[in-house]
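The structure under discussion appears below in the form of C-alpha cells.
Read-outs: derived from the displayed coordinates by stated rules, not from any lab. Everything numeric in this text was worked out from a predicted model, so none of it was measured. Note: ideal-geometry Cβ built from the backbone for every residue, glycine included; neighbour counts use all protein chains shown.
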Amino acid sequence: MLTTFPKDFLWGGETADFQYEGGYDQDGRGLLSHDFETTGSATQPRQLTLRLKDGSRGTVNAHDSLPAGAEVALYDDVYYPSHQATDFYHHWQEDIDLMAEMGFTTYRFSICWSRIFPTGDEAEPNQNGLHFYDQVIDYLIANGIEPIVTICHDELPNELCVKYDGWSSRHVIDCYVKYAETLIRHYRGRVRYWITFNEINILSGYIAIGTHQQDPQTRYQAIHHMFVANALAIKNGRAINPEAQFGAMYALSETYPATCKPEDVFAAYQTRRNDGLFYVDVMARGYYPNYTAEKFAAEGVTLQTTPADLQLLKENTIDFISFSYYRSMVATAQADGSVKVNNENPYLVSTPWGWPIDPLGLRYCLNELYDRYQKPLIVIENGLGAVDELTADGQVHDDYRINYLRDHLKAIRDAITLDHVPCIGYTMWGNTDLVSLSTGEMKKRYGFVYVDMDDQGHGSLKRIRKDSFAWFKQVLASHGADLTRQI
C-alpha cells in the first residue's frame, strides 16, 4: 500500500510574470494590462491610473468599470509594481539555482503575452521574448526541473484592451490561439505541461479580461470567448505536440455552510458551483451545465454562442485540473435570498490578512474534484502570506510558514494515500518573494527566498534564504516522507 507521495510526484514552486519578472520596457516587450496598476494595501484597493475623456488625470479601482471615454495611462510620479516586480528578468539564473538547491523537480511560471506579441496583433513573434524563455526553460531542464508553463496569467497586451475591449471581442480569441500555438510549437520537446488560463473563475476587471465595463453580461461573454480560446488552443496544441498535456487553473478554496440549517447548506452548495465548479464543468466536461441557465437568467446574461463554439468545447476538454488553495470560506443564506460569503470561521485561526488556515479543507477539495471529474490534479498554488522580519544578522525565521506548509502537505499526502486521489504535483506559491496580486505590497511575503525590496520598489533585490528554504529542502530530499518541523 502506498504510504507516502508517489515516486514521480512533482515538487516545486510557482510565480506569475507581472508579479515577479519585471523588465517591462526591455527587449521589445509591449505594455501589459497590469502595467497601469498601482500598489495598494489591505484597506486601500489597487488603482488603475487613467487619462479621462477631457484629458485630465484620474484613477479607478482595478476591478471596476472605467469611466466613459477614459483610457489607462502611465504617470512618472506613480509606482507601478509590475514594472520591476522582483526582477526575475535579471536574476533568473540565480533564482533557478536556488530552486535547484532546494531540490525542485518542477517550476510553474507564466510567459508574458506582451513579451511574445507586444500588441497582440503582430503576425510574427518577438524573437527576443522567445529567447528569454529559451534561456529559462533550458536552464530549468539542465537542473532537472520540469517546466509547467501558464500561457495566460490574468493579463493581456494592453493594445488588445484599447482596440478591441479585450475578451469581449472574438478577435482576441484569434490573437490568443496564435500566441498559444507559437509557444507550443517553439518549446515542443521541452515543455510537457501547459496551463491555458490562470484562475479563470475569478477573473474580472480591465487588468484580467481587458474590458472597459464590468457588468455580468460583459464578463460572462468574455469568459465564453476564453472557453472557446482554451478549446482551440488544446485542439491545435495536440496537433502540434501529441505528447503535451493541457490543463487550466482555478481558484478553489473551499466553501462551507455557516450552520447545518438547510438554507445555509444549499447556499454553500450553490456558491461552490456558481463561483468555482461551473468553470471546471465547462472545461473538463465540455458543456455548460444545467444550472447555468438559472444562474445567467438571475444575472441578466444572454450569451452569444455558436454551434461551432459548443462543438469545440465538447471535443477539446482539459487533461488535468490545477487549482489554488489558500483558505476556506463560510456561506450564510440571507433573508432576501442572497448569500453572504466571508472568512468568519470560529473553528480556525487566520493569517495576518484574515484568511482562515484550514489544511483539512485541502484534502476535502482534492476529494471533491476527483469525485466530480476523475482527472489528475495538481495543487498549483498554496502558501502563506506573512510579514517576514529580516534580523540584524540577515536571517528570516518563518516557523509560521513551515507549520502552514507542513500541515497542508500532510493533507495532500492523506488524500493520496488514504483516499487514493491522483494528485500528481505540488507547487508552492511565490517560491521567491514577489509582489502581492491583491494589494501590490511586498510586505505580504510568501517565498522560501526573501527579496530585499520594500512596498515602493526600493532595495538591493538581494536574495536571502529563509528558514523555510532549509525545511523544504529537507522535505524534498525525503520525497515528502519527512514532514517534521525541525530543520
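List of remarks:
- Estimated at 0.36 nm per residue, the fully extended path between residue 298 and residue 420 surpasses their Cα-Cα distance by 40.1 nm.
- Semi-axis lengths, Å, the stretch 46-182, gyration tensor of Cα atoms, sqrt of 5 times eigenvalues: 32, 19, 12
- Think of each Lys and Arg Cβ as +1 and each Asp and Glu Cβ as -1; about the Cα centre, that makes the dipole of the stretch 232-320 roughly 160 debye.
- Take every pair of alpha-carbon atoms less than 8 Å apart whose residues are at least six positions apart; their mean separation over the length of the chain yields a relative contact order of 18 percent.
- Computed over every Cα-Cα pair of the stretch 254-305 and binned at 10 Å starting from 0, the pair-distance distribution P(r) comes out as 23, 46, 26, 5 percent.
- Normalised convex hull volume, the stretch 313-427, alpha-carbon set, Å³ per residue: 161
- 3J(HN,Hα) from dihedral phi, the stretch 264-273, Karplus parametrisation 6.51/-1.76/1.60, rounded to Hz, x for glycine, proline: 5, 4, 6, 4, 5, 4, 5, 4, 4, 5
- Rg [Å, one decimal], Dmax [Å, integer] - the stretch 1-56, C-alpha atoms: 20.1, 70
- Kirkwood-type radius of the chain, with distances r between different C-alpha atoms, in Å: 22.9
- According to the calculation over all Cα-Cα pairs in the stretch 1-100, the P(r) per 5 Å bin from zero is 3, 11, 17, 17, 14, 11, 9, 6, 5, 4, 2, 1, 1, 0 %.
- When the chymotrypsin sites (Phe, Trp or Tyr not before Pro) in the stretch 65-169 are filtered for DSSP coil states and for at most 16 other beta-carbon atoms within 10 Å of their beta-carbon, the remaining sites are 75, 79.
- Among 301-313, 114-126, the order from most to least packed when residues are scored by Cβ within 10 Å on average: 114-126, 301-313
- When both bridge partners sit in the chain, DSSP labels roughly 35% of those beta bridges antiparallel.
- Coarse-grained scattering of the stretch 230-322 at q = 0.18, 0.20, 0.24 Å⁻¹, given as base-10 log I(q)/I(0) from a Debye sum over alpha-carbon atoms: -0.91, -1.03, -1.24
- Checking the Cα-Cα distances for 295/375; 340/462; 178/462; 235/410; 261/443 against a 31 Å cut-off, the pairs over it are 340/462; 178/462; 235/410; 261/443.
- For the stretch 371-416, the convex hull drawn through the C-alpha positions has a volume of 92 cubic angstrom per residue.
- The Cβ shell under 11 Å around residue 148 holds other residues with a net charge of 0, Lys and Arg each +1, Asp and Glu each -1.
- What the Kirkwood sum gives for the stretch 325-391 is a hydrodynamic radius of 14.3 Å, with every pair of different alpha carbons counted.
- Under Karplus coefficients 6.51, -1.76 and 1.60, residue-wise ³J(HN,Hα) of the stretch 116-129 in Hz, glycine/proline x: 9, 10, x, 10, x, 9, 4, 6, 10, x, 6, 5, 4, x
- The order of 43, 259, going from fewest to most other C-beta atoms within 10 Å of their C-beta, is 43, 259.
- Remark: relative contact order (the stretch 200-281) = 30 percent; criterion is Cα-Cα distance under 8 angstrom and separation of 6 or more residues.
- The trypsin sites (Lys or Arg not before Pro) of the stretch 37-89 that DSSP puts in a loop, and whose beta carbon has at most 13 other beta carbons within 10 Å, are 53.
- Sorted peptide list for 152-162, 204-214, 380-390, criterion being average Cβ within 10 angstrom, highest first: 152-162, 204-214, 380-390
- Mean separation of Cα pairs under 8 Å and 6 or more residues apart, divided by the residue count, gives the stretch 237-393 a relative contact order of 29 percent.
- Diffusion coefficient (Stokes-Einstein, Kirkwood radius over C-alpha pairs, 25 °C, 0.890 mPa s) for the stretch 115-255: 157 µm²/s, rounded to a whole number.
- Within the chain, helix-based [θ] at 222 nm, where runs of 4 or more DSSP H residues each add -39,500 (n - 2.57), nearest 500: -10500 deg cm²/dmol
- Considering the stretch 375-487 at the alpha-carbon level, its Rg and Dmax are found to be 15.2, 48 Å.
- Residue ranges 228-234, 342-348 sort as 228-234, 342-348 when ordered by packing (mean number of other C-beta atoms within 10 Å per residue, highest first).
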